Amino acid sequence: MEQRPILTEIIKGMAPIKENRTMKHGRNSVPPGVYRHFKGNIYHVPGVSVNTETGELTVICIPQGGQHVGELCNRNIDMFLEHIEGHEAMPNYKGPRFTLLEERRIFLLYDTRGESVLPCPMSVPRKGI
């Protein structure tokens, strides 16, 4: 798909940033929540980040199993939302790469060493913030 630069205002009163991404997916295309990867792993997704230099959107996720369990990871938004038709691990699979299981806000808590993140899927009061 053709990549076209667009301008987006981030917050009222701030200068716009140049975004170089497809018009197909926006920041709200992936709601925060719990997702299942087509191979079976569960991921907590707190949201979508934007690279302020390139405008590239990436989905922030925390695998709940596998090699990177508990680590803060990211996936290009186009890849996160793509539809799979056959894969070497599952040649007959046809469907989304990630499926939303439950939409919910996910806050991140760091362990005492700051080496991993722990998803905290609950509402946190915003008093004093």
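Where a number appears in this text, it was derived from the coordinates with a stated rule and is not lab data. Because the structure is predicted, anything quoted here is derived from the model rather than measured.
Structural remarks
- Global size of region 25-106 as Cα Rg and Dmax, reported in angstrom: 12.7, 39
- Percent RCO, i.e. relative contact order, over region 25-106, from Cα pairs under 8 Å lying at least 6 residues apart: 33
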